[in-house]
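What follows is one structure encoded as structure tokens, with my remarks underneath.
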Amino acid sequence: MQRAYSQDRIRHLDKITALAKQHDPSPTFTSFLQQYYHDIAEEDLLQFTPQHLCSAAHSHWEFGQKRPAGDIKLRVFNPTVKHDGWKSQHTLIEMVNGDMPFLLDTTIMTLTRSGIGIHLTVHPILYLARDQQGAITRLDRGDAAHESGVVESWMHLEIDHQSDAATLKKLEDELRAAMNDVRATVDDWHVIRDKVGEICAATDAYRAVLGDAVVDEGQRFLEWLANNHFTFLGFREYQLVEENGEDLLRIVPGSGLGILRDSGAKVSQSFMVLPKDVRQRARTREFMIVTKANSVATVHRPGYLDYVGIKRYDQEGNVSGEWRFLGLFTSTAYSRSPRDIPVLRQKVKEILQRSQLPSSSHDLKALLHILETFPRDELFQSTTDELFTAAMGIVHLQERARVRLFIRRDSFGRFFSCLVYMPRDRYNSQVRAKIQNLLLTALNGKSAEHDVFLSESALARIQFIVHTTPWKLPKFESAALE
């Protein structure tokens, strides 16, 4: 079905096309221009003059004329009349890249993380052909490109004006690093996902060490991840060794994929900063560890990376290393019932059994609802004992108009997860900010994030993640803080 456009939009585009024919009479540029602004929102189109939009498109067209295969064409600049023949009140970002997932959302995430506002985004997907030197030889319309053609992502963004040359260079470097991470992730994605099958096959040998039930559930969880419930961004293998009485996670050369492609490092630095007694947990017999990494995602969406580490064992049944996946749980991983997710379903089942609540009781139904709506990351990361204590405490709260605080310390000492329940009618953003400041002070926090859950319940739930210096643990009284 052909899209209906307003007369204002059509007239604006006609003016841009007329200017383009004066500026560059070649039919190829006219075709490019029509595709360039084809999907732009009308309100974005009409806020700029035809002259501005024509100049911006021609600037991008000239910049993208030559791109060797595999290259990322990227520049961050302020156009001037003297140098470019036109000027803008905004700083411009121009990119030409092979089309792949995550490009636009990663770009926007990088800018947002730097506190930079975006005033215009133009992102056409173009079908064209280039010669061996990377010069454009043909521009197709739609998906009509034949086998010799390529599909490219062209991005033009107008952002808050940045006048300092060092700032422009820093932003360009950050964007280029993010685009390289996108390419590494996309290029290696299938290989990373295939590692799941290899690991499931390898872990069959650990049944004598961990038991059939643990291995079966762990394997089902990995298969569940690979079934579009986890965006795989990186993978690496490690060997657990002891040197001079210290446990080290040595990187297996050549094993890095995606954002964990080999960087020349020989050991896991994130492991090395942990105290010796914490590193000893690496030798604990368990199928895997699910937690948050200590680094934020540079690809796809903001937030700390999810970390899934599967332990490797030698013939004597001792932990000998780790297979490590980094990525992000997908939205479906957060929307599915925990009773449908391997490992989580086992935790829920055990908690329901341990509660010893009558099968038809109100309290059991309340407990099940609490687990169904519990912060999903907490379900993934908490032990069954930690979940049982928190869930039963919430059941006993029974909608009473009082404040309850449940604190869980990350097993690697990098953050505290604080669940605060309070009367819903007393919750507001000012109260939330005061509570966050109290937690930051009491827990010696460096920074904090929050997430609010409001439902038909008389209680509001606010989760605070308070980031701390690893294992410089404060002394605090949870009851007094509550």
Handout entry: Which numbered condition Ser255 fails, given (1) touching a residue at least 24 places away in the same chain (Cβ under 8 Å); (2) crowded, with 16+ Cβ neighbours inside 10 Å; (3) in contact with an Asp or Glu (Cβ under 9 Å, 6 or more places away or on another chain)
Key = (1)
Handout entry: Search result, residues across the stretch 46-97 that are more than 24 Å from Gln34 (Cβ to Cβ) and β-branched (Val, Ile, Thr)
Key = Ile72, Val76, Thr80, Val81, Thr91
Practice task
Having 3 or more residues that are in contact with a helix residue (DSSP H, G or I) (Cβ under 9 Å, 6 or more places away or on another chain) and open to solvent by less than 50 Å² (accessible area, probe 1.4 Å) is the bar; report the helices (runs of 4 or more DSSP H) wholly within the stretch 1-71 that clear it.
Solution key: 7-23, 27-36, 50-63
Completion exercise
By residue number, the members of the stretch 454-482 that are more than 21 Å from the chain's Cα centre (by Cα), within 22 Å of Arg424 (Cα to Cα) and hydrophobic (A, V, I, L, M, F, W, C) are Leu454, Ala458, Leu459, Ala460, Ile462, Ala479, Ala480, Leu481
Exercise for the section: Give Leu168, Leu157, Leu175, Leu257 a once-over and let me know the one that is at pLDDT 95 or above, hydrophobic (A, V, I, L, M, F, W, C) and out of contact with any Ser or Thr (no Cβ under 8 Å at 6 or more places or on another chain). Expected result: Leu257
Exercise for the section: Please tell me if Gln35 is within 13 Å of Val122 (Cβ to Cβ) and in contact with a strand residue (DSSP E or B) (Cβ under 8 Å, 6 or more places away or on another chain). Expected result: yes
Practice task
Sort out for me the helices (runs of 4 or more DSSP H) sitting completely within the stretch 259-359 that have 2 or more residues that are crowded, with 19+ Cβ neighbours inside 10 Å.
Solution key: 344-355
Handout entry: Inter-residue pairs, beta-carbon under 8 Å, first of a type in the set (S, T, N, Q) and in the stretch 32-50, second in a loop (DSSP other than H, G, I, E, B), 6+ apart
Key = Gln35/Pro124; Gln35/Arg141
Exercise for the section: Take Asp204 and decide whether it is acidic (Asp, Glu) and either under 23 Å from the mean Cα position of the chain (by Cα) or buried (at least 19 other Cβ atoms within 10 Å of the Cβ) (or both). Expected result: no
Exercise for the section: Can you confirm whether the stretch 237-244 contains a residue that is touching a residue at least 24 places away in the same chain (Cβ under 8 Å) and either part of a helix (DSSP H, G or I) or surrounded by fewer than 13 Cβ atoms within 10 Å (Cβ to Cβ) (or both)? Expected result: no
Handout entry: Residue check, Leu175 crowded, with 19+ Cβ neighbours inside 10 Å, touching a helix residue (DSSP H, G or I) at 6+ places or on another chain (Cβ under 8 Å), part of a helix (DSSP H, G or I) and in contact (Cβ under 8 Å) with a residue 40 or more places away in the chain
Key = yes
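The values are calculated or read from the model by the stated rules, or taken from the named source; none is laboratory data. Fair warning: this is a prediction, and the values are worked out from it, not measured in the lab. Because the Cβ atoms are built from the backbone with ideal geometry, glycine has one as well, and the counts that use them run over all protein chains shown. All accessible areas refer to the heavy atoms of the entire protein, side chains included, with ligands and DNA or RNA removed. Shrake-Rupley method; radii C 1.70, N 1.55, O 1.52, S 1.80 Å.
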